[in-house]
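This report concerns only the one structure given below.
Only the coordinates and a few stated rules stand behind these numbers; no lab work does. All values derive from a computational prediction rather than experimental measurement. Positions of Cβ are generated from backbone atoms using ideal geometry, with glycine treated the same way; all protein chains shown enter the neighbour counts.
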Amino acid sequence: MTRIPVDPELPRVYGLDHSAYRCRDAEETRAFYEDICGFPCTLALHIDRHPTTGEDVNYLHIFFEISREKEGMPENIAFFEVTDRADDDPDELFKTRWGMDLHFAMRVADYPALDVWKEKLEAKGVSVEGPIDHGIFRSIYFHDPNGYRLEFCAKDAAAIRATAAESALSRENLRNWNEWKASRTRAAAE
């Protein structure tokens, strides 16, 4: 799938390459994504220098292939386990990562696929929420061993139409949101 930015001068975007998160334990993470979800671990890179700052670090960067377009590049979810950052409080880092602000959504073919995923995950001891009908799609939610919220979502013809209708309202919704925030700011200043 090719995605083209609104500005034709910008380079094309070809979908997700990877989304990376920190994990507490690389093997626990590998076991979940590979053994339970069935996503193959395609890379495990030991890194000893931060790629942009050059500072000494020690981490393992692992990638799981979740999708591949025919003859295309894979789409991945990736994690890194850092072992030598004593100033970080891992419990605090991960307590704040539950909820909707940090999650990873993966599209599946249809609603029956959601049901299959739910059944398979629950059979392996994973707690699953849903399916939840959002109007523009349906989802199931679950968490990995790091507390990250994951989602499988699907659409039917009615949901595709609803998405198109919502998309047509996106600028208006954004404008309304910004006006609401501005009015809150003005009210707080008074």
Given labels modelled 7 Å from the Cα in the Cβ direction, how far is it in nm from LEU45 to ALA113? 2.8
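Rounding to the nearest 20 debye, state how big the charge dipole of the range 127-169 is about its Cα centre with +1 on each Lys and Arg Cβ and -1 on each Asp and Glu Cβ.
Numbers: 4 positive and 6 negative charges, 23 e Å.
Its charge dipole is roughly 100 debye.
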Could you order peptides 23-32, 117-126, 145-154 by the average number of other Cβ atoms within 10 Å of their residues, highest first? 145-154, 23-32, 117-126
For ILE77, enumerate residues with amide H under 5 Å from its amide H, sequence gap 5+ or separate chain, H modeled in the peptide plane. SER19, PHE64, ILE66
